[in-house]
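See below for the structure under consideration.
The values are calculated or read from the model by the stated rules, or taken from the named source; none is laboratory data. Quick caveat: nothing in here was measured; it's all calculated off a predicted structure. As a convention, Cβ positions derive from the backbone with ideal geometry for all residues, glycine included, and neighbour counts pool all protein chains shown.
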Amino acid sequence: MHAPKRLSFAFGLALAAAGMAQAAPAPSASQRIDSLEQRLAQSQKLIEQLGAEVHALQAQIAQQAAARPAAAAAAEPAPPAAADQSERLASVEHQVEQITASSNSAHGEDRGLPLHGFADVGVGNHNPLTPANKGAAVGSVDFYLAPQLGEHTRGLVELNFEVGEDGGVGVDLERTQLGYQFGNTGTLWLGRFHTPYGYWNTAFHHGMQIATSLRRPRFLAFEDQGGILPAHSTGVWFTGNQRTGAGKLGYDLYVTNAQAIDGGVLDMRQAGNADGQVTVGGRLSFQPSSLDSLQVGVSALSGRIEDAIDPANDTRLNVFALHADWDSDALEALAEVYFFRDEALPGGGSHSSTAGYLQLGYRAGRYTPYARYERTALDQADGYFAAQLSGASYHREALGLRYDIDLKSALKLELAQTHNTDGTLARPDGSYGDALLQYAVRF
Amino acid sequence: MKSRISLMAAAALLATASLAPTAQAGELYVFCNSGVTLQAADLRDVFMGEKQFAGTIKLQPADNGASQAAFLEKVLKMDAGKYSTTWTKKSFRDGVNPPPVKGTDSEAVEYAKRTPGGCSYSGSAPGGGVTVVAKL
């Protein structure tokens with residue numbers, strides 16, 4: 001795209017963003033409002049019931065007083081009107097207690113299963129994930145629920161609908177985890193989950209509304225959208241955290257089916273793999289008590305990655321990663337760096353590569369301007385990268401602005417320049433600029 | 001006469017002013033089911049889903065819409081928006097659901113009384129049947 005066209009397009013998007021921002025409604029008080037309104041309605045019902053009780057009581061007292069002859073009233077001091085009244089009031093009190101108890105039990109634990117999720121749509125001179133396309137596009141619609149199935153048994157199910165490069169809708173059982181919770185020590189999950197490495201993959205994943213930026217760093221994208229790491233895994237995962245005097249220590253350990261590269265894309269082999277190979281990994285993170293906005297961590301994973309097309313191209317993937325996250329009321333800073341030391345199998349040489357990003361954002365009321373730099377240097381002699389469609393190196397610079405329309409929706413504008421380097425015939429070198437707008441919500 | 005009225009009005013204003021802060025700074029009681037043993041220092045972790053068990057008892061905190069603003073300010077030190085967003089992230093990442101919301105102090109007390117592991121809070125003394133963990 002020529003520079004003037006690109007600029008005018010970006011300007012147009014900025015104008016659109018500003019227009020939408022001005023037209024945006026006032027922020028809602030909170031997601032509690034609906035719940036509070038329900039409570040209010042219930043309280044009103046209760047008041048109406050009590051009012052009816054009081055009216056009935058007053059009418060009864062008035063009738064009795066009118067019916068009782070004055071002389072008889074003077075002759076029998078034993079059951080005075082006051083005593084009668086207090087007896088009836090006690091009865092009303094008892095009824096109120098019962099109504100309250102009944103109301104409370106209606107709000108007991110069996111409240112159904114809350115369903116939550118995220119959705120995002122956008123427009124731009126390129127699709128943020130598939131740059132060959134341009135114009136308006138649906139990102140994804142994501143639903144998740146977390147049933148507490150018993151005192152120790154938990155579930156987490158996430159279903160994602162996303163639009164592919166050809167416009168078709170793909171459905172992914174993003175996460176299906178059943179777990180046993182060992183008190184405060186941790187939970188042992190079995191199933192398909194977000195692979196716990198670094199920060200981004202488990203912190204935001206499909207939840208674009210809770211991420212400041214408009215998209216993931218490209219090398220951390222999903223397997224079929226440009227990522228070079230297994231974003232999803234199927235296996236066993238133990239996760240938990242412990243609070244110590246110095247801070248909160250988080251830990252993850254997992255053993256999963258070893259992934260394979262199939263059709264140029266990483267596959268998590270969620271139905272199992274043919275050779276029984278596994279990937280083993282873990283993560284440690286620490287949040288100091290004296291600086292609870294900060295989290296730092298290390299991750300590692302290792303597994304034999306099968307090349308489904310060429311068995312001679314199998315690789316022992318060895319990854320070591322560092323991450324840091326600063327998340328205060330005003331400042332957000334994220335950084336992750338990954339070191340690859342892959343071994344060609346059987347008995348080949350080893351190859352070193354790196355990938356990383358740094359993102360800074362500053363929250364100024366509803367506006368959060370942000371900047372991100374991401375870069376990979378991937379050894380193209382490494383069969384692991386050579387076999388992946390997204391295995392070429394690149395670097396990208398991005399500037400963005402997030403505007404929080406309200407608590408649950410955000411509008412994001414991002415301008416970015418991407419440079420593909422050390423490409424091949426299938427993935428040639430080249431650069432392109434992005435001007436992207438996204439509307440992201442949570443519900 | 002005029003000056004006496006002015007003096008009386010000023011005195012009344014002063015008295016009102018001195019009483020006002022006491023009236024506004026309502027107390028907050030955080031309590032749990034009588035079978036739960038907790039420290040006040042644990043409350044933040046309990047209501048943020050970080051601490052889910054007290055010994056062998058599964059904790060079941062519940063918010064109280066009637067006193068939530070005071071609770072967020074005094075215990076969690078955050079506003080309603082941040083509380084909601086923090087819980088969205090926690091729920092999505094860890095598969096933990098946010099506390100249910102009770103509508104009144106009496107509902108909150110009743111919930112904690114009858115729910116094993118139940119914890120909540122109110123702006124008035126909860127009475128018997130629950131253990132007060134903190135009075136703020």
task: Return the residue satisfying two criteria in turn: it lies in segment A:205-246 and is within 12 Å of another protein chain (Cβ to nearest Cβ) and either in a helix (DSSP H, G or I) or among the small types (Gly, Ala, Ser) (or both), and of such residues it is nearest to A:Ala398 (Cα to Cα).
output: A:Ala211
- prompt: Looking at A:Arg442, A:Arg341, which is the one that is farther than 25 Å from A:Gly281 by Cα and surrounded by 15 or more Cβ atoms within 10 Å (Cβ to Cβ)?
  reply: A:Arg442
statement: A careful count of residues in segment A:392-414 that are more than 24 Å from the chain's Cα centre (by Cα) and over 16 Å from A:Thr130 (Cβ atoms) gives 3
- request: Considering only segment A:291-327, state which residues are at pLDDT 95 or above and small (Gly, Ala, Ser).
  value: A:Ser293, A:Gly297, A:Ser299, A:Ala300, A:Ser302, A:Gly303, A:Ala321, A:Ala324
query: Can you tell me how many residues in segment A:172-204 are within 18 Å of A:Gly361 (Cβ to Cβ) and either at the interface with chain B (Cβ under 10 Å from one of its Cβ atoms) or in contact with a Phe, Trp or Tyr (Cβ under 8 Å, 6 or more places away or on another chain) (or both)?
result: 3
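This table checks each residue for (1) crowded, with 23+ Cβ neighbours inside 10 Å; (2) out of contact with any strand residue (DSSP E or B) (no Cβ under 7 Å at 6 or more places or on another chain); (3) touching a residue at least 24 places away in the same chain (Cβ under 8 Å).
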{"residue": "A:Val141", "(1), (2), (3)": "no, no, yes"}
{"residue": "A:Leu156", "(1), (2), (3)": "yes, no, yes"}
{"residue": "A:Gly191", "(1), (2), (3)": "no, no, yes"}
{"residue": "A:Pro196", "(1), (2), (3)": "yes, no, yes"}
{"residue": "A:Ala203", "(1), (2), (3)": "no, yes, yes"}
{"residue": "A:Ala221", "(1), (2), (3)": "no, yes, yes"}
- prompt: Condition test on A:Tyr357, is it among the aromatic types (Phe, Trp, Tyr), assigned to a strand (DSSP E or B) and either out of contact with any helix residue (DSSP H, G or I) (no Cβ under 6 Å at 6 or more places or on another chain) or surrounded by fewer than 18 Cβ atoms within 10 Å (Cβ to Cβ) (or both)?
  reply: yes
field: Lone qualifier among B:Ala69, B:Ala108, B:Ala40 - being aliphatic (A, V, I, L, M) and away from chain A (no Cβ under 12 Å)
entry: B:Ala40
- request: Scan B:Lys89, B:Lys77 and give me the residue that is of a type outside the set (A, V, I, L, M, F, W, C) and more than 9 Å from every other protein chain (Cβ to nearest Cβ).
  value: B:Lys77
statement: Taking segment A:236-264 and the residues there that are aliphatic (A, V, I, L, M) and within 24 Å of the chain's Cα centre (by Cα), the one that is farthest from A:Leu301 (Cα to Cα) would be A:Leu249
